[in-house]
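Right, one structure below, let's go through it.
The values are calculated or read from the model by the stated rules, or taken from the named source; none is laboratory data. The structure displayed is predicted, hence computed values, not measured ones. Positions of Cβ are backbone-derived with ideal geometry, glycine not excepted, and every protein chain shown enters the neighbour counts.
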Amino acid sequence: MLNMRLAEQPAPAGSRDVDQLVSWLLDTLQFVRRSGDEWTGEGVHSPIHRILCEYMLANPGDGWDAQTLGDELGLSPTAIQYQLSKLNECGLTAGVNRDGWRVHHLRNGSLSNAVEIMASEARLVLEQRLRALDDWMTESDVRMSIPSEKKDDISFQIQIRGRVPLTDGQDEMDAFLLDLGLLGDRVRRPADGSPPLGRLMFEHLLKTHTPLSLDEALENWGTTRPRLTRTLDRFWSAGLAERVPRLDRLPVTLWSALQAQHARRGGDWLMKKGGLSRIDERIAKKVVKSLDNESFNVATCEKMFADVPSNEQMVILNLLGGKLPIGWRLCGAKSNQVRERVLSKADRTFRRIKRVAETLEKAIDSD
């Protein structure tokens, strides 16, 4: 059964060093997930690195069993079998039974062929799993009313695992979140049997029409800000969600900042250094007059700044020392838009893996 992880890495442009390219491949497929696993001794690569470099890539048409590799590497067959099973699960290698041993080999006799098969299978499985969004997600054009910011992105990271029979007490959404790695490595299940935090937040994102800020998440589910952030960032890194400024809360945030600075520094400071000099003078004077008369409320603020572009309002807010909240939302009005967003990120990562595989084969052939 397919079970792989993808963690987008910067492409090793121009490199033809075999060890560096193999390390990049292992990092991208997250075979080495802790810094201590990369080295087993001074100047010695991890077992899985050596299995690929010294055996499978050097002789791509051959097969290897755990006993033979264990003797060569000085490790137990059990330890080698664990490494080989990870290669099999991700789809790079396959195994056949011969003379009582499981013989492992690169699929179709080369790394580039194996990567091509792996990528095709993983993309299909991912697409099929994402179809579940069609039944769960509420369609909403309002959700995408705030423009996306291309510069606000994160490295793609996701798990792709084929569906298996559900366990007791598990439903399709539980399996979906687990199989895509959206609940993290250590799933915290409340003692009272209620759903884990990741599921509660995902269900909210599926139904809501506005971005979810940390303050709102804290009010809804308690716990801590770092834990809430980690949970939301998993949806973000998987391509399901994105971060946007909460422009819908701009009037409230701007009103609060103007009130605070007016009470602290007065109207003259607002007109000179507080940013109001950046907008139409008539509007600025109305704002200060309303503040002086103590009649400046959120509704008044929104009405007065209605004709001021949101980017200019955000500059004023910044000059006032305020900060607009960030919110997380699903990255599409419809489920098919979210699905295509995730698949496009996966395709980009698979293309990099294919290029590295081709470069690796050329580098090995030239040695």
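Table for the structure above
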{"read-out": "Pick from region 143-196, criterion charged (D, E, K, R) and assigned to a helix (DSSP H, G or I), ranking: surrounded by the fewest Cβ atoms within 10 Å (Cβ to Cβ)", "value": "172"}
{"read-out": "Pick from region 294-305, criterion farther than 18 Å from residue 269 by Cβ and charged (D, E, K, R), ranking: surrounded by the most Cβ atoms within 10 Å (Cβ to Cβ)", "value": "302"}
{"read-out": "Residue that is surrounded by the fewest Cβ atoms within 10 Å (Cβ to Cβ) [pool: residues in region 20-47 that are farther than 22 Å from residue 121 by Cα and at pLDDT 90 or above]", "value": "20"}
{"read-out": "Residues of region 315-328 that turn out to be in a strand (DSSP E or B) and either in contact with a helix residue (DSSP H, G or I) (Cβ under 6 Å, 6 or more places away or on another chain) or over 18 Å from residue 211 (Cβ atoms) (or both), as a count", "value": "1"}
{"read-out": "Candidate set: region 340-367, residues that are among the polar types (S, T, N, Q) and exposed (fewer than 15 other Cβ atoms within 10 Å of the Cβ); chosen: the one modelled with the lowest pLDDT", "value": "366"}
{"read-out": "Close pairs from region 78-102: first closer than 17 Å to residue 357 by Cβ and in the same structural domain as residue 161 (by TED's automatic domain parsing), partner outside any helix (DSSP H, G or I) and of a type in the set (Val, Ile, Thr), Cβ under 9 Å, at least 6 apart", "value": "none"}
{"read-out": "From the options 140, 148, residue that is touching a Cys at 6+ places or on another chain (Cβ under 9 Å), under 22 Å from residue 245 (Cβ atoms) and not aromatic (Phe, Trp, Tyr)", "value": "148"}
{"read-out": "Failed criterion for residue 285 (all others in (1) among the basic types (Lys, Arg); (2) in contact (Cβ under 8 Å) with a residue 40 or more places away in the chain; (3) not assigned by TED's automatic domain parsing to the domain that holds residue 143 hold)", "value": "(2)"}
{"read-out": "Verdict on residue 205 being touching a residue at least 24 places away in the same chain (Cβ under 8 Å), touching a strand residue (DSSP E or B) at 6+ places or on another chain (Cβ under 6 Å) and farther than 27 Å from residue 319 by Cβ", "value": "yes"}
{"read-out": "Test: residue in region 214-230 that is buried (at least 20 other Cβ atoms within 10 Å of the Cβ), assigned by TED's automatic domain parsing to the domain that holds residue 190 and among the aromatic types (Phe, Trp, Tyr)", "value": "no"}
{"read-out": "Any hit, region 306-322, residues being within 30 Å of residue 242 (Cβ to Cβ), surrounded by fewer than 17 Cβ atoms within 10 Å (Cβ to Cβ), in contact (Cβ under 8 Å) with a residue 60 or more places away in the chain and over 29 Å from the mean Cα position of the chain (by Cα)", "value": "yes"}
{"read-out": "Residue match in region 52-64 (condition: small (Gly, Ala, Ser), at pLDDT below 95 and surrounded by 18 or more Cβ atoms within 10 Å (Cβ to Cβ))", "value": "yes"}
